[in-house]
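Each reported figure results from applying straightforward, stated rules to the coordinates on display, with no laboratory input. Just so we're clear, the structure is a prediction, and the values are computed from it rather than from any experiment. All Cβ positions, even for glycine, are placed from backbone atoms using ideal geometry, and neighbour counts span all protein chains on display.
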Amino acid sequence: MAKPHASPEVLPSHRVPAHLARRFNQICLGVTAEILSGDDLTPMIFGVLVAVLEQPGRGQRQVAERMGVDVVNFGQMIDELEGKGLVERKIDPDDRRARKLYVTERGAALRRRLSPDLLAAQERLLAPLSPDERRALLDMLVRVIEANDSYARPGNGRRKPQRKSKPVNPSQ
């Protein structure tokens, strides 16, 4: 029988929001991915499904912006969900160029089936905290996120693409 993996202590220099948020996100994604992998879904794709379910009839751009996701990447995720029969696009009667998003019955059934396991995983994740501490943590995270939303731009913090320079021709 394998020994349980000992958690490394968080270094004092890493007790800063950016590092702690990255590690917390890593843990949340790992817990969620374990549950979703059997349905060939990633946490992000499932998050898009849930966002569409909670905002039926919204446009692709509006849902992407609300989630803080790049519109092109969001479109690719909608393509994937549509290909799985979980989401459908319908022509907006007010703007025939626009598409409104809806979750199919199959997508809604998938959410209903996975929700108990995902909620139980969230409970396990927050198990070290008392119920009051859990509520306080979530309330504080929401306040910090809402107060700093201007920094939550898709691609924020990524390296700028490197432009390949043309080779210099010495004969010129």
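Extents of the chain, taken as max minus min of Cα coordinates on every principal axis and listed largest first, are 62, 58, 41 Å.
Summary value for the chain: 18 percent relative contact order, contacts being C-alpha pairs under 8 angstrom separated by 6+ residues. Each other residue within a Cβ distance under 14 Å of Arg97 adds +1 if Lys or Arg and -1 if Asp or Glu, for a net charge of +3. Among 120-130, 29-39, sorting by the average number of other beta carbon atoms lying within 10 angstrom of each residue, highest first, gives 29-39, 120-130.
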